[in-house]
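Worksheet: one structure, shown below.
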Amino acid sequence: MKILITGGAGFIGSNFLNRFVPRHPEHVFLNVDCLSYAANLKSLEAVSGLSNYRFVRADIADQGQVETLFREHEPELVIHFAAESHVDRSIAGPRAFVMANVVGTFNLLEAFRQLPDAGARLFHHVSTDEVYGSLGPEGFFTETTPYDPSSPYSASKAASDHFVRAFARTYGLRVRLTNCSNNYGPRQFPEKLIPLMILNLVERKPLPIYGQGLNVRDWLYVDDHSDAIWAVIHEGRDGETYNVGGNTERTNVAVVETLCRVVAAETGVEPDELLGLMHYVKDRPGHDLRYAIDASKLCDACGWQPAETFESGIHKTVRWYLDNDAWVQAVRSGEYRGWIEHNYGGRGAAAKDDA
Ligand code: NAD
Ligand code: TYD
């Protein structure tokens, strides 16, 4: 099967490709990514030489590039990860989120519906629990919770979800959606809570906690998310949405304390030295209080269960960041950005690549 993955150089997409490209030589995986600041080709070194993997640099917000790609490759399955994904950046500059997440998704759907025999192909849309807004102290998001997004990021993802469902109803497309809770694990850009805190701990920098640090997220190890998507593609039903979550609610303070203790243990430092770096800063505007997922539909329909506990996943994640300094330096360094522009600058969707 020809599988077109968008956003495969980012955090979740690259972990997905590292997991499934080597296991499935019978499928061809075409990774389409514009290589934004959040992308890192070092995340793909293990798969880039495999014969069933190809990379094309393209911007999904560019209609012409998307049309060319779909005409050339005629994917049987699209798994759509690409997005601007960071809430704080969406507050500072929401336009990029509308372009990538709304216009980008729309362009993919438009090109998808024009493929020959479009109704036989499948479009899997990767989305977030943030579309549902905030919970109070009790309860869980289910697939029927009304949409109530708080940030420009979550509003753009909500809009993209609505376009996916509307195109399915209007044009008879086969679509499936997953709305997942917060992910963590290897290869996550260090602007999100967990990798930011790990790298600050290593460098003994302050750990900025928004507000009182009592906001709650339901954390899921990234490979468990990848397995959920794969399960929905194989065991799920067309037109359906599946919530994905780890049943692992933690306050931000609890997450940061755990990270302090795990980094201390892994690096032979006194925990109190690291706990002393915790530092409370101004709250995020529109900061959702609590996310919690009821994933029973997914578990019952597709037989999925998370493999990692929060403790085992955090331990693996801390070890990965400690062991992969070259990856960290690559996402941080201007030299790496320059290399990307030198190698990929000005190359459009039709460019065949071997990254
Ligand atoms: P990320 O920011 O790490 O990666 C996004 C990738 O998309 C990058 O490689 C980037 O270059 C690419 N991209 C962005 N705009 C593009 C464009 N216009 N054209 C082509 N490529 C583009 O994000 P992530 O954390 O890997 O998230 C992947 C998907 O999963 C997103 O749709 C996100 O909304 C969703 N999601 C993320 C989480 C999470 O906790 N990270 C949770 C639930 C759902
Ligand atoms: P984040 O990783 O940005 O994910 P999201 O906003 O999509 O949930 O943030 C997770 C939680 O951590 C969120 O409640 C905001 C909080 N946070 C901090 O307290 N400090 C930080 O520096 C960051 C990046 C996030």
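The values are calculated or read from the model by the stated rules, or taken from the named source; none is laboratory data. Computed from a prediction, not measured in an experiment: that's the story for all the values here. Cβ coordinates were reconstructed from backbone atoms using ideal geometry, including for glycine residues, and neighbour counts include every protein chain displayed. These accessible areas exclude ligands, DNA and RNA; they are computed on the full protein's heavy atoms, side chains included. Shrake-Rupley method; radii C 1.70, N 1.55, O 1.52, S 1.80 Å.
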Reported set for region 196-225 where residues are open to solvent by 30 Å² or more (accessible area, probe 1.4 Å) and in a loop (DSSP other than H, G, I, E, B) is GLU203, ARG204, LYS205, PRO206, GLN212, LEU214
Filtered residue count, region 119-139, keeping only those that are out of contact with any Lys or Arg (no Cβ under 8 Å at 6 or more places or on another chain) and within 16 Å of ligand 1 (Cβ to nearest atom): 4
Cβ contacts < 7 Å: first residue farther than 18 Å from SER85 by Cα, restricted to region 129-153; second residue within 16 Å of ligand 2 (Cβ to nearest atom) and among the acidic types (Asp, Glu), any location; separation 6+ or different chain. Result? PHE141/ASP129
In region 226-246, is there at least one residue being within 15 Å of ligand 2 (Cβ to nearest atom), part of a helix (DSSP H, G or I) and under 21 Å from ASP323 (Cβ atoms)? no
Would you point out the residue of region 183-192, among those that are near ligand 2 (Cβ under 9 Å from one of its atoms) and surrounded by fewer than 21 Cβ atoms within 10 Å (Cβ to Cβ), that is modelled with the lowest pLDDT? GLU191
Would you please name the residue that is surrounded by the most Cβ atoms within 10 Å (Cβ to Cβ), looking only at residues in region 42-56 that are closer than 25 Å to PHE112 by Cα and touching a Phe, Trp or Tyr at 6+ places or on another chain (Cβ under 8 Å)? TYR53
Considering only region 21-41, I want to know if a residue exists there that is surrounded by fewer than 20 Cβ atoms within 10 Å (Cβ to Cβ) and in contact with a helix residue (DSSP H, G or I) (Cβ under 6 Å, 6 or more places away or on another chain). no
Among the residues of region 84-111, what is the count of those that are within 15 Å of ligand 2 (Cβ to nearest atom) and either among the acidic types (Asp, Glu) or in contact with a Leu (Cβ under 7 Å, 6 or more places away or on another chain) (or both)? 2
In the list ASN215, ASN200, which residue meets the criterion of being more than 16 Å from ligand 1 (Cβ to nearest atom) and in contact (Cβ under 8 Å) with a residue 60 or more places away in the chain? ASN200
Could you check region 161-181 and list, in sequence order, the residues that are crowded, with 20+ Cβ neighbours inside 10 Å, hydroxyl-bearing (Ser, Thr, Tyr) and either away from ligand 2 (no atom under 16 Å from the Cβ) or under 17 Å from GLU240 (Cβ atoms) (or both)? THR178
Looking only at region 1-20, filter to residues that are open to solvent by 10 Å² or more (accessible area, probe 1.4 Å) and more than 18 Å from PHE189 (Cα to Cα); which one of those is nearest to ligand 2 (Cβ to nearest atom)? ARG19
Scan region 259-311 residue by residue and report those that are touching a strand residue (DSSP E or B) at 6+ places or on another chain (Cβ under 8 Å), open to solvent by 40 Å² or more (accessible area, probe 1.4 Å) and part of a helix (DSSP H, G or I). LYS297, ALA301
Could you list all residues from region 107-118 that are surrounded by fewer than 20 Cβ atoms within 10 Å (Cβ to Cβ) and in contact (Cβ under 8 Å) with a residue 12 or more places away in the chain? GLU110, ARG113, GLN114, LEU115, PRO116, ALA118
Hits in region 119-155 - residues which are open to solvent by 30 Å² or more (accessible area, probe 1.4 Å), among the polar types (S, T, N, Q) and either within 16 Å of ligand 2 (Cβ to nearest atom) or outside any loop (DSSP other than H, G, I, E, B) (or both): SER134, SER150
Could you check ALA38 against (1) in contact with a Phe, Trp or Tyr (Cβ under 6 Å, 6 or more places away or on another chain); (2) within 9 Å of ligand 1 (Cβ to nearest atom); (3) modelled with pLDDT of 95 or more and say which number it fails? (3)
